[in-house]
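Working notes, beginning with the structure itself.
Laboratory data are not the source of any read-out in this text; all were calculated from the coordinates shown. What you are looking at is a predicted structure, and each value in this text was computed from that prediction instead of being measured. A quick note on method: Cβ atoms are made from the backbone with ideal geometry, for glycine too, and the neighbour counts reach across all protein chains shown.
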Amino acid sequence: MPRRKSAGSLQDVCLRFIAKNLLYWTEHYEEYYLGQGVYRFVLGPFNQLNSQLSEDLLTFLVKQQQLSRSALHLLLYGGALQNLDLSSCSRIVNDEVVRIVTSSCKMLQVLNLSYCKRVTSAGFIAIATSLPQLSTLNATKTNLRGLAAQSVFKYCCRLKDLSLKHCHIGDQDIMVLCEVAPNQLSGTQLKRLDISYTLITERGVRAILQGMPELQILQYPSLLTCLFDSHESETGCLDPVLKHSECFQLRSLQCEDFMSVCNGMLQAIPDLCPHVTQLDLRFAGGFDNEGLFHLAQLHNLKDLQLCCEESENITFRCGIMPVLLEIGHNLKVLSLQDIGGLDPAMVCQLCPNLRKLFLLMMKEGKVFSSLGGIPNNSKLQPMTGLIELDFWCQNGDISLSEEALGLLLTNCIALESLGLIRIDTLTDNVLRSVLRKNSFSNLKQLSVHECHCITQETLSELLSATSNQLEFVKLINCLQITRKDYETWEKTAKRENFNIKLEWK
């Protein structure tokens, strides 16, 4: 049964009271001082709040759509902020706000200006010259460009995380970063750099890889191909950016632009990037089972995402299974889409330490299977660490048998989030059988889409179970779940004061 709503904490009550009476706190400043200048010190009303309380109040005001220009100014003048996220109030963030930040928030370490397009180059230059202690700067979809970007590269020497996504940054600008990084007294501290969807070409990315080999996260759509100076030559050899005696410190590799990745590239990854923990090949093609097997050498891999929608050359038995046999026990996140012969039970057996599992079979002609063999499906052990599970099928696809579905759901005893989309084998009998063995005591989110064989009666057994902690339930286009059923659950939740949100379409 979902938990009942509890009384708010004293802190929440205080924040709500401040928001309710916001005009009382800001009217004097708004009437006499707003827009008249930037002040070095402002006494009251928020200067006694610590950083966390200031952040919480700012977040609360944004959520309630009560954040005014004067309230934002006074919160910033408090000077205690160490973490400032202005991405949700971009309409009132301009150079004036930035000037207050740079003059008052001297303890600031994390600044998020995503979508704040009213901040000009002058504002970013002020940030670079006045806040050199920043460790994180998010400038996604802003007007950061040219000299302003170069100023950030030169003066923000302590940056560890920099996001320039969707900014007008080109190769010329990024070359400044490549020149400055090795010349810092203690070397560059930058560990994560996001240059997705900028004007930076693969040439610029290769310069970054050469100039900052210690970089751990580099977000760029075609990063994988940038590891090589050229594609396969006539001899089939590849030229990596760094010498064979060196390697990158990259922890993440991704393909986001539907690129062609040959077997040779996959073969080189373990040598070039031995520390990779996350590999996303959902938008890559051009390799086969043989190329995929080289991933078995990535012994640090924790997160593997793979889609074979357009490929018929990769199968579960010959491509995925050999990799999982070698490194499956290390994986924490696994996403497999449109892989012929995919056996969910076998995946769970080979990857017993998974935290998140996404199995999708959406392309016509691609179906699930049950391989059996070693290890035997009947010996499936409880997935004590799995907290998120998503199953997607095509309408009418029953290749995921009732027995296999029931076995999996029964053994996923720690689930917090469960998504079942177009699973025609999700029947009343299956769910009842599962509930007799697995009470889903940790379940908080449930999404059921287009599952037409489940009825209100059985689903109610799950929703009203005394052991679950459900907070959010989404039911979309399930033919046997009617509006009347939804309204009945809504009335029950309201009457019992359950802390649960229900959605139905």
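What FRET efficiency comes out for K20 versus T129 if R0 is 35 angstrom and r is the Cβ-Cβ distance? Round to the nearest 0.05.
For R0 = 35 Å, the calculated efficiency reads 0.35.
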Normalised radius of gyration for region 22-76, please: alpha carbon Rg relative to 2.2 N^0.38 Å, two decimal places. 1.09
Alpha carbon Rg of region 99-209, scaled by the compact-globule rule 2.2 N^0.38 Å: 0.98
Simple label model, 7 Å out from Cα along Cβ direction - S121 to T201, nm: 2.2
Quick one: Debye curve from the alpha-carbon atoms of region 90-154 only, equal weights, vacuum; give me log10 I(q)/I(0) at q = 0.14 Å⁻¹ to two decimals. -0.32
³J(HN,Hα) across region 161-172 via Karplus (A = 6.51, B = -1.76, C = 1.60, θ = phi - 60°), whole Hz, x for Gly/Pro? 9, 9, 10, 10, 4, 6, 9, 7, 10, x, 4, 4
In whole Hz, the Karplus estimates of ³J(HN,Hα) for region 412-429 (6.51, -1.76, 1.60; θ = phi - 60°; x where Gly or Pro) are 8, 7, 10, 4, 10, 9, 10, x, 10, 10, 6, 9, 6, 8, 7, 10, 4, 4
Around I217, which amide H atoms from residues at least 5 apart in sequence, or from another chain, sit under 5 Å from its own amide H, with H modelled in the peptide plane? R192, L193, R251
Go ahead and run the numbers for FRET between D56 and E403, Cβ-Cβ distance against an R0 of 51 Å, rounding to 0.05. 0.55
Net charge around K117, counting only other residues with Cβ within less than 14 Å of its Cβ (Lys, Arg = +1; Asp, Glu = -1)? +4
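Could you state the per residue volume, in Å³, of the convex hull enclosing the Cα atoms of region 295-349?
Dividing the Cα hull volume of region 295-349 by its residues yields 73 Å³.
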Under 5 Å, built H, 5+ apart or other chain: amide partners of F368: S399, L400
Stokes-Einstein, Kirkwood over Cα pairs, region 1-109, 25 °C, 0.890 mPa s; D in µm²/s equals 168
Hydrodynamic radius (Kirkwood) for the chain, which is based on Cα pairs only, to one decimal in Å: 26.2
Cα-Cα pairs in region 429-478 separated by more than 13 Å, as a whole percent of all pairs, come to 58
Computed FRET efficiency, Cβ-Cβ of T384 and Q65, R0 30 Å: what is it to the nearest 0.05? 0.10
Spelling it out for C156: with amide H atoms placed in the peptide plane at 1.01 Å from N, the residues 5 or more places away or on another chain with amide H under 5 Å from its amide H are none
Those lysines that a straight Cα-Cα span of less than 24 Å connects to K366, excepting residues fewer than 8 apart in one chain: K356
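In region 308-410, how does Rg compare with the Kirkwood Rh, expressed as the Rg/Rh ratio over alpha carbon atoms?
My calculation puts Rg/Rh at 0.92.
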With N set to the residue count of region 329-467, report its C-alpha Rg divided by 2.2 N^0.38 Å to two decimal places. 0.98
What are the ³J(HN,Hα) couplings of region 253-269, residue after residue, when phi is run through the Karplus curve with 6.51, -1.76, 1.60 and θ = phi - 60°? Round to Hz, x for glycine and proline. 10, 9, 10, 10, 10, 6, 9, 8, 10, 7, 4, x, 5, 5, 5, 7, 4
Simple SL model, points at 7 angstrom along Cα→Cβ for S417 and E503; separation in nm is 1.2
Given the Cα-Cα distance of E364 and L34 and 0.36 nm per residue of separation, how much length would full extension add, in nm? 112.6 nm
Proportion of all alpha-carbon pairs of region 48-148 beyond 17 Å (%): 46
I need the shape label for region 395-505. Rule: rounded when a/c is under 1.5, else prolate if a/b > b/c, else oblate, with a, b, c from the alpha carbon gyration tensor. oblate
For a label point 7 Å from the Cα of F258 along Cα→C-beta, name the residues of region 270-313 whose backbone N is under 12 Å from it. 283-285, 310
Dividing the helical contributions, -39500 (n - 2.57) per DSSP H run of n ≥ 4, by the residues of the chain yields a 222 nm value, nearest 500 deg cm²/dmol, of -9500 deg cm²/dmol
If you put +1 on each Lys and Arg Cβ and -1 on each Asp and Glu Cβ, how big is the dipole of the chain around its Cα centre, in Debye rounded to 20? 2020
